Amino acid sequence: MTGCSERTYETDPARVPREVEAKRRILARHARDSWPRHALRDLASPYTNHPDSPIAA
């Protein structure tokens, strides 16, 4: 990002809603797929260490 350090970008609160909206668009595109699991697993992969995650790390 031009004019923005990586640290600032990572902590920018406006980034979170943009990221959520982007992921919702991805999910919406795959909603009718019979096997969207690969894309969904990729989206969920950053959260595999979360205690509520059903995906084993």
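Looking at the chain, the helices (runs of 4 or more DSSP H) lying wholly inside it that each contain 1 or more residues that are modelled with pLDDT under 75 sit at 6-11. Within region 15-30, residues that are over 13 Å from Leu43 (Cα atoms) reach partners that are in a helix (DSSP H, G or I) and of a type outside the set (Gly, Ala, Ser) with beta carbons closer than 7 Å, at six or more positions or on different chains, in the pairs Arg15/Tyr9.
The values are calculated or read from the model by the stated rules, or taken from the named source; none is laboratory data. Because the structure is predicted, anything quoted here is derived from the model rather than measured. Cβ atoms come from the backbone with ideal geometry, glycine included; neighbour counts cover every protein chain shown.
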